[in-house]
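Trainee: Pasting in a structure now, in structure tokens, and then I'll have a few things to ask.
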Amino acid sequence: MSQPDDTLRNEKLIRTKEQWARDGRLLTGTITAKDRLPPGQRAVETWPVLDLGITPTIDPTSWRLEIGGLVQRPASFDLSAFNALPQSVARSDIHCVTSWSRFDNDWQGVLATDLLADVKPLSKARFVLFEAYDGYTTNLPLDAFSQSDVLLATHWQGQPLSVPHGAPVRVVVPQHYFWKSAKWLRRIQFVATDQPGFWETRGYHNVADPWAEQRYS
Ligand SMILES: Nc1nc2c(c(=O)[nH]1)N[C@H]1C(S)=C(S)[C@@H](COP(=O)(O)O)O[C@H]1N2
Ligand SMILES: [Mo]
């Protein structure tokens, strides 16, 4: 075995690295955005508006949220009945399939778990379909809708949701791409068989896990 030839060592590079170690270079002591960004995403500060281009006009007095299908207690909430459900806050990140993510959104509204306790899905119910006032639809397994961070939101960062972002009530499903989070929510149907929604029938992934980069089917 031959000895390493010390004269070939890059002394300059070694000195530089030793200096970096003394300086603590690249140590920031902070968790970087990268740890919170799913693959292919970039963080944004502003909150973009994305939809089909139709912003429905919703009269608050005639607004209803219909809960139907495979539930023990179907419901038609008007705004005051909806607001009488238990209120919660939850902080989460938004991941949009168009590659932006927005961290630390403070939502207020009704947790999906609290709604489920009220309407009591039957054991046959396996999926939920969301229908919105602009005609948009999207679908989720009941298991995904039952996560503790899912809510029907009325407020964002302490303020009532704006109409372009889905007022009076939108869905927020943080662990999925944001197209699963229906704005201007009108109806939730509990069903036994999955039924792909607007984007799910147009080439988008049915599951939509951003960490697995399930953008397209
Ligand atoms: N009712 C309704 N909900 C919707 C949509 C829509 O067109 N109509 N677009 C979806 C898509 S593709 C995205 S990315 C998010 C955008 O929500 P934002 O405009 O509040 O950012 O809403 C989702 N929910
Ligand atoms: Mo989207």
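The values are calculated or read from the model by the stated rules, or taken from the named source; none is laboratory data. What you see is a predicted model; the values in this text were computed from it and never measured. Note: ideal-geometry Cβ built from the backbone for every residue, glycine included; neighbour counts use all protein chains shown.
Trainee: Write out, first by first residue and then by second, each pair whose Cβ atoms fall under 7 Å of each other, whose residues are 6+ apart or on separate chains, and whose first residue, in region 168-194, is without any contact (Cβ under 8 Å) to a residue 40 or more places away in the chain and under 11 Å from residue 128 (Cβ atoms) while the second is assigned to a loop (DSSP other than H, G, I, E, B) and among the aliphatic types (A, V, I, L, M).
Mentor: 173/150
Trainee: Could I ask something else about it? Being more than 16 Å from ligand 2 (Cβ to nearest atom) and of a type outside the set (Asp, Glu), is that true of even one residue in region 200-207?
Mentor: If we filter region 200-207 for residues that are more than 16 Å from ligand 2 (Cβ to nearest atom), which is where we start, we get none.
There is no residue in region 200-207 that is more than 16 Å from ligand 2 (Cβ to nearest atom) and of a type outside the set (Asp, Glu).
Trainee: I would also like to ask the following. Kindly check whether there is at least one residue in region 115-123 that is within 16 Å of ligand 2 (Cβ to nearest atom) and crowded, with 20+ Cβ neighbours inside 10 Å.
Mentor: Our first condition is that a residue be within 16 Å of ligand 2 (Cβ to nearest atom); within region 115-123, this holds for none.
No: region 115-123 contains no residue that is within 16 Å of ligand 2 (Cβ to nearest atom) and crowded, with 20+ Cβ neighbours inside 10 Å.
Trainee: Yes or no: region 146-157 includes at least one residue that is among the aliphatic types (A, V, I, L, M) and free of Cβ contacts under 8 Å to residues at least 24 places away in the same chain. Give the derivation first.
Mentor: First, the residues of region 146-157 that are among the aliphatic types (A, V, I, L, M): 150-153.
From what is left, the residues that are free of Cβ contacts under 8 Å to residues at least 24 places away in the same chain are none.
Among the residues of region 146-157, not one is among the aliphatic types (A, V, I, L, M) and free of Cβ contacts under 8 Å to residues at least 24 places away in the same chain, which makes the answer no.
Trainee: Given the options 109, 158, name the one that is farther than 21 Å from residue 53 by Cα, small (Gly, Ala, Ser), within 15 Å of ligand 1 (Cβ to nearest atom) and modelled with pLDDT of 95 or more.
Mentor: Going through 109, 158 in turn, the sole match is 109.
Trainee: For the list (1) outside any strand (DSSP E or B); (2) on the phi > 0 side of the Ramachandran plot, I need the number of the one condition that residue 109 fails.
Mentor: All conditions pass for residue 109, except number (1).
Trainee: Do you know which of the residues in region 80-101 that are surrounded by fewer than 17 Cβ atoms within 10 Å (Cβ to Cβ) and of a type in the set (A, V, I, L, M) is nearest to the chain's Cα centre (by Cα)?
Mentor: Here the residue is 89.
Trainee: What's the number of the only condition in (1) within 16 Å of ligand 2 (Cβ to nearest atom); (2) part of a loop (DSSP other than H, G, I, E, B) that residue 57 fails to meet?
Mentor: (1)
Trainee: If I filter region 96-106 down to residues being out of contact with any His (no Cβ under 8 Å at 6 or more places or on another chain) and within 25 Å of residue 204 (Cβ to Cβ), which single residue comes out as farthest from ligand 1 (Cβ to nearest atom)?
Mentor: Residue satisfying both the conditions and the ranking: 103.
Trainee: Could you go through region 179-189 and let me know if any residue there is within 19 Å of residue 50 (Cβ to Cβ), within 13 Å of ligand 1 (Cβ to nearest atom), out of contact with any Asp or Glu (no Cβ under 8 Å at 6 or more places or on another chain) and small (Gly, Ala, Ser).
Mentor: yes
Trainee: List the number of the failed condition for residue 103; all other conditions in (1) outside any loop (DSSP other than H, G, I, E, B); (2) within 16 Å of ligand 2 (Cβ to nearest atom) hold.
Mentor: Among (1) outside any loop (DSSP other than H, G, I, E, B); (2) within 16 Å of ligand 2 (Cβ to nearest atom), residue 103 violates only (2).
For (1) in contact with a Lys or Arg (Cβ under 9 Å, 6 or more places away or on another chain); (2) assigned to a loop (DSSP other than H, G, I, E, B); (3) of a type in the set (Asp, Glu); (4) more than 24 Å from residue 42 (Cβ to Cβ), each residue gets a yes or a no:
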position: 114; (1), (2), (3), (4): no, no, yes, yes
position: 124; (1), (2), (3), (4): no, yes, no, yes
position: 140; (1), (2), (3), (4): yes, no, no, yes
position: 155; (1), (2), (3), (4): no, no, no, yes
position: 164; (1), (2), (3), (4): yes, yes, no, no
position: 168; (1), (2), (3), (4): no, yes, no, yes
position: 175; (1), (2), (3), (4): no, yes, no, no
position: 179; (1), (2), (3), (4): no, no, no, no
position: 186; (1), (2), (3), (4): yes, no, no, yes
